[in-house]
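This report refers to the structure that appears directly beneath it.
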Amino acid sequence: MTKRVFSGFQPTGHLTIGNLLGAIRPAVQLQDEADCVYAVVDLHALTVRHDPERLRARTREAATLLLACGLDRSLVYIQSQVPAHTELSYLLESTAYFGEMRRMIQFKEKSAGQEEVRLSLLTYPALMAADILLHRTDLVPVGEDQRQHVELTRDLALRFNRLYGETFTVPEAVHPRVAARVMDLTTPTSKMGKSNGSTAGTVYMLDPPADVRRKVMRAVTDSGTEVRYDPQDKPGVSNLLAVLAACSGRPVESLAHETYGALKRDTAEAVVETLRPIQERYLELSADPAELSRLLAAGAARAAERGAGLLAAAREAIGLP
Ligand code: TYM
């Protein structure tokens, strides 16, 4: 049976090379062998302080970027245009426990020290589970940081099936071999992020080549001079090696550099070359906003149609008329 694949991308900020290497590229590769659905999950971006106009713009930007990366052979749509996500999410909120939501690492990190924590930040993993389960997903290509959320999705699917009868497919996360967690270039002990990371340490997919080169050349490296893959003792150098390996398609072990400077130069060029065709295609696609709207509306209609059967089965199982 052809496997079903789903993944989501939050438009909380501009997409980064972390998103690209951790999830988008693996998603592109899965298109050859699986039935793939990808969404820009704009509802998830409401879990933290946001600006409505900026959210709308970032949502379109993210959708355009996904297509520019080569996901145009998949079903691509915007989450909020398919109401089944929120409907199923409520059934999963009614399956999940407060305790397990509160224990999610991302919830703890994002809520720490904040006075105004949106309730949706706590319930967010139920919506993410709904995204995945709605499409009877087998595989979820994601970066390392989403592992716990996919684990929770599995727990919720199993619990629902046990309580109300076989309804959901139990999904599995898939991570890339390298660059499953791209680190911030200036703080290589924290994840490179759209919104939480530093601008200097984050390479955005739409950064012009000069910015990419500057950011990579200024990346924080480690003490010593030896270029070696050792994420524990050499997080900065190892991060550059992982990015270079992912961008060049060469195994980390085959990369040999005499100096940190040479490694940075190679990495900068590999990132620039990886981004070049994506940025070119992004510009082409952006020239026709009406076509993008049409494509996304058609994608949403198809996604709604595909999800309808599962939603009806879940409603029936849980006891709704
Ligand atoms: P998000 O929007 O933060 O990131 C999108 C994808 O990119 C991966 N990623 C990274 N991979 C490697 N290194 C990094 N520095 C890095 N930063 C981000 C993420 O792991 C993710 O795969 N909750 C999800 C979005 C979501 C989702 C879903 C994903 C909502 N519903 C259903 C899969 C299935 C999130 O916040 O990802």
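The values are calculated or read from the model by the stated rules, or taken from the named source; none is laboratory data. It should be emphasised that the depicted structure is a prediction, and the values quoted were computed from it without experimental measurement. Positions of Cβ are generated from backbone atoms using ideal geometry, with glycine treated the same way; all protein chains shown enter the neighbour counts. Surface areas here come from the heavy atoms of the whole protein model, side chains and all, with no ligands, DNA or RNA. Shrake-Rupley method; radii C 1.70, N 1.55, O 1.52, S 1.80 Å.
Within region 141-157, the residues that satisfy the criterion of being more than 10 Å from the ligand (Cβ to nearest atom), free of Cβ contacts under 8 Å to residues at least 60 places away in the same chain and open to solvent by less than 10 Å² (accessible area, probe 1.4 Å) are L152, A157. Here region 168-207 is the region considered, the condition is being in contact with a Leu (Cβ under 9 Å, 6 or more places away or on another chain) and of a type in the set (V, I, T), and the residue that is nearest to G18 (Cα to Cα) is V182. The single condition among (1) surrounded by fewer than 21 Cβ atoms within 10 Å (Cβ to Cβ); (2) farther than 30 Å from L206 by Cα that Q81 does not satisfy is (2). Confirm whether P176 is assigned to a loop (DSSP other than H, G, I, E, B) and in contact (Cβ under 8 Å) with a residue 60 or more places away in the chain. The answer is yes for P176. If you scan region 179-190, which residues turn out to be within 10 Å of the ligand (Cβ to nearest atom) and open to solvent by 40 Å² or more (accessible area, probe 1.4 Å)? Within region 179-190, R181, S190 qualify.
Under 8 Å between Cβ atoms, at least 6 apart or on separate chains: pull out the pairs that start in region 50-70 with a residue that is more than 26 Å from R276 (Cβ to Cβ) and end on any residue that is open to solvent by less than 60 Å² (accessible area, probe 1.4 Å) and part of a helix (DSSP H, G or I). If the second residue must be open to solvent by less than 60 Å² (accessible area, probe 1.4 Å) and part of a helix (DSSP H, G or I), the pairs left are L55/D42; L55/A45.
So which residues in region 158-173 are surrounded by fewer than 19 Cβ atoms within 10 Å (Cβ to Cβ) and either assigned to a loop (DSSP other than H, G, I, E, B) or within 14 Å of the ligand (Cβ to nearest atom) (or both), if there are any at all? Correct list: G165, E166, T169, V170, E172. Would it be correct to say that R60 is surrounded by fewer than 22 Cβ atoms within 10 Å (Cβ to Cβ), in the same structural domain as L127 (by TED's automatic domain parsing) and assigned to a loop (DSSP other than H, G, I, E, B)? So R60 does not fit the description; no.
For A245, state whether it is in contact with a Ser or Thr (Cβ under 7 Å, 6 or more places away or on another chain), surrounded by 13 or more Cβ atoms within 10 Å (Cβ to Cβ) and aliphatic (A, V, I, L, M).
On the way: in contact with a Ser or Thr (Cβ under 7 Å, 6 or more places away or on another chain): no; surrounded by 13 or more Cβ atoms within 10 Å (Cβ to Cβ): yes; aliphatic (A, V, I, L, M): yes.
Considered against the rule, which asks whether it is in contact with a Ser or Thr (Cβ under 7 Å, 6 or more places away or on another chain), surrounded by 13 or more Cβ atoms within 10 Å (Cβ to Cβ) and aliphatic (A, V, I, L, M), A245 comes out as no.
For region 229-321, please list each of the helices (runs of 4 or more DSSP H) lying entirely inside it that holds at least 2 residues being closer than 23 Å to R213 by Cβ and in contact with a helix residue (DSSP H, G or I) (Cβ under 8 Å, 6 or more places away or on another chain).
Details: elements: 235-248, 260-286, 289-318.
Filter on region 229-321 gives 235-248, 260-286.
Selection of region 31-48 for residues being surrounded by fewer than 16 Cβ atoms within 10 Å (Cβ to Cβ) and either touching a residue at least 12 places away in the same chain (Cβ under 8 Å) or among the aliphatic types (A, V, I, L, M) (or both) yields only E33. The single residue among D207, D184, D131 that is at pLDDT 95 or above, over 30 Å from R276 (Cβ atoms) and of a type in the set (D, E, K, R) turns out to be D131.
Name the one entry in G18, G13 that is out of contact with any helix residue (DSSP H, G or I) (no Cβ under 6 Å at 6 or more places or on another chain), at pLDDT 95 or above and within 18 Å of V203 (Cβ to Cβ). Walk me through it before giving the result.
Details: G13 fails: at pLDDT 95 or above.
Going through G18, G13 in turn, just one is out of contact with any helix residue (DSSP H, G or I) (no Cβ under 6 Å at 6 or more places or on another chain), at pLDDT 95 or above and within 18 Å of V203 (Cβ to Cβ): G18.
All of R306, R276 fail the test of being surrounded by fewer than 18 Cβ atoms within 10 Å (Cβ to Cβ), under 23 Å from Y38 (Cα atoms) and at pLDDT 95 or above, apart from R276. Determine whether Y124 is outside any helix (DSSP H, G or I), modelled with pLDDT of 95 or more and surrounded by 18 or more Cβ atoms within 10 Å (Cβ to Cβ). Answer is no for this residue.
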